[in-house]
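Chemist: The structure follows.
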Amino acid sequence: MNKTDFTDLDGKVLRVFLTILEESSVSKAADRLGVTQSAISHTLSKLRQVLGDPLFVRSGQGLTPTERALSLKEPVQQVLDGMRALTEERPFDPQSEELSIQIATNDMPRELIFPRLLRDVRAEGVRLKLGFIPSGVPDPDLLRSDRCQLMLTPLPPDGPDIFQKRVLSSPLMIFFDGNRRAPPDSWQSYCETEHVEVRFADGRSSRAVMRGVDQTQIRSPTVSLPHFNAIPSFVKGSDLISTDTALMKHGPLAALDCAPLPFACEPVSIYMVWHQRSANDPAHRWLRDRIEIIASTLQA
């Protein structure tokens with residue numbers, strides 16, 4: 001009989017297990033850990049396969065742990081404490097080595113976070129080199145193949161070897177030229193307005209972040225562009241609009257006016273995503289911490 005290798009139980013998986021155990025809910029565990037519900041569900045499926053037990057069963061609006069899950073709480077916590085002890089004393093001095101990292105992201109996270117990050121760390125004497133590739137709607141193979149070591153994206157890929165953490169959340173806004181027009185003031189007028197959108201190399205649209213609305217009613221784009229930076233050139237002096245996160249006002253769309261959507265739409269979250277090979281690397285942890293610090297100031 002084939003059994004899944006117990007070494008598939010890494011620290012990320014064990015942490016998810018304890019969080020579900022404490023929250024009795026996949027959605028609450030996802031919110032607490034700053035990841036998507038699908039990522040939590042994927043990890044739970046992996047745990048069930050490795051341990052050969054359902055671990056949690058549905059009960060009303062939540063999850064009830066099995067006897068096996070309850071018996072694992074203390075041993076799992078001890079394992080996590082031991083893993084933490086392995087890395088706490090590892091020496092790491094960012095001034096002592098040159099750091100080079102390839103990052104997959106689109107215009108907004110790249111322009112809002114990384115220029116400031118580079119200025120800050122170079123002022124501290126850190127030799128950091130950054131390379132960027134467009135993420136579009138990202139594929140986890142970018143991380144698995146080491147084409148990049150980090151992603152910042154609103155559409156994080158899932159996988160048992162993929163780690164993620166939410167770093168930003170922003171409502172969607174309408175961007176327009178206030179000298180030419182007022183923003184649409186209803187769902188109907190929004191759907192009828194000509195607009196600009198970004199279409200990525202794989203053919204998918206930036207509209208993928210619009211959740212909770214019937215996009216089939218929205219007029220097809222008048223202009224499709226490969227990058228967010230190109231949007232202002234088309235919107236300025238025209239009646240076109242673009243729908244993007246409010247954070248774009250501090251980045252690629254700073255030259256445009258903006259207004260709230262005239263209908264309900266979920267805010268967009270930006271996730272930091274990395275491969276398990278980088279999870280405990282002290283240099284990568286240091287860089288992720290610096291990114292989170294800058295993201296927290298933007299969120300504020």
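Chemist: On full extension of the chain, what length is gained from R144 through V79, given 0.36 nm per residue of separation minus the C-alpha to C-alpha distance?
Modeler: 20.8 nm
Chemist: Report the antiparallel proportion of the DSSP beta bridges in the chain as a percent, rounded to a multiple of 5.
Modeler: 60 percent
Chemist: Where a ≥ b ≥ c are the square roots of the eigenvalues of the C-alpha gyration tensor, would you call the range 227-273 rounded, which needs a/c under 1.5, or, failing that, prolate if a/b is larger than b/c, or oblate?
Modeler: oblate
Chemist: Quick one: putting +1 on the C-beta of Lys and Arg, -1 on the C-beta of Asp and Glu, what dipole do you get for the range 6-88 around its Cα centre, in Debye to the nearest 20?
Modeler: Here the size comes out at about 220 debye.
Chemist: Seen from all sides and averaged, what is the projected area of the convex hull of the Cα atoms in the range 166-284, in nm²?
Modeler: Orientation-averaged projected area of the Cα hull: 8.7 nm².
Chemist: So for the range 6-88, averaging the separation of alpha carbon pairs under 8 Å that are six or more residues apart and normalising by length, what relative contact order in percent results?
Modeler: 30 percent
Chemist: On to the next question. Putting +1 on Lys and Arg Cβ atoms and -1 on Asp and Glu Cβ atoms, find which of V76, S59, V16 reaches farthest to the positive end of the dipole of the range 6-88.
Modeler: Of the candidates, S59 comes out farthest on the positive side.
Chemist: Got the relative contact order for the range 152-284 handy, in percent, Cα pairs under 8 Å and 6 or more residues apart?
Modeler: The normalised contact order for the range 152-284 reaches 47 percent.
Chemist: Compute the FRET efficiency between A182 and E67 as 1/(1 + (r/R0)^6), taking r as their Cβ-Cβ distance and R0 = 51 Å, and round to the nearest 0.05.
Modeler: 0.25
Chemist: Let me ask you something else. Could you quote the convex hull projected area for the chain, Cα atoms only and averaged over all directions, in nm²?
Modeler: With every direction weighted equally, the projected area is 18.8 nm².
Chemist: Something else now. Starting from the Cα of S100, step 7 Å along the direction of its Cβ; do the same at W286; then give the gap between the two resulting points in nm.
Modeler: Between S100 and W286, the simple spin-label model gives 1.7 nm.
Chemist: With an 8 Å Cα cut-off and a minimum separation of 6 or more residues, compute the relative contact order for the chain in percent.
Modeler: It rounds to 21 percent for the chain.
Chemist: Select from the chain the helices, each a whole stretch of DSSP H, whose alpha-carbon atoms run 15 Å or more along the helix axis and whose Kyte-Doolittle mean is at least -1.0; answer none if there are none.
Modeler: Both cut-offs are met by 11-23, 37-51, 67-88, 107-123, 282-299.
Chemist: Please report, largest first and rounded to whole Å, the three semi-axes of the ellipsoid equivalent to the range 1-81, where each semi-axis is the square root of five times an eigenvalue of the C-alpha gyration tensor.
Modeler: Sorted largest first and rounded, they come to 19, 14, 13 Å.
Chemist: Taking the chain, how many lysine pairs are there with alpha carbons less than 22 Å apart, if each pair must be eight or more places apart or span two chains?
Modeler: So the count of such lysine pairs works out to 12.
Chemist: When the label point is put 7 Å from the Cα of A259 along its Cα-to-beta-carbon vector, which residues of the range 163-191 have a backbone N closer than 12 Å?
Modeler: 174-187, 189-190
Chemist: Using a simple spin-label model with points 7 Å from Cα along the Cα→Cβ vector, what separation in nm is obtained for H250 and Q217?
Modeler: About 3.3 nm, to one decimal.
Bear in mind these aren't lab numbers, they're just calculated from the coordinates by the rules spelled out. Here the structure is a predicted model, which is why all the values come from computation and not from measurement. Counting neighbours? That spans all protein chains shown, and the Cβs are built from the backbone with ideal geometry, glycine included.
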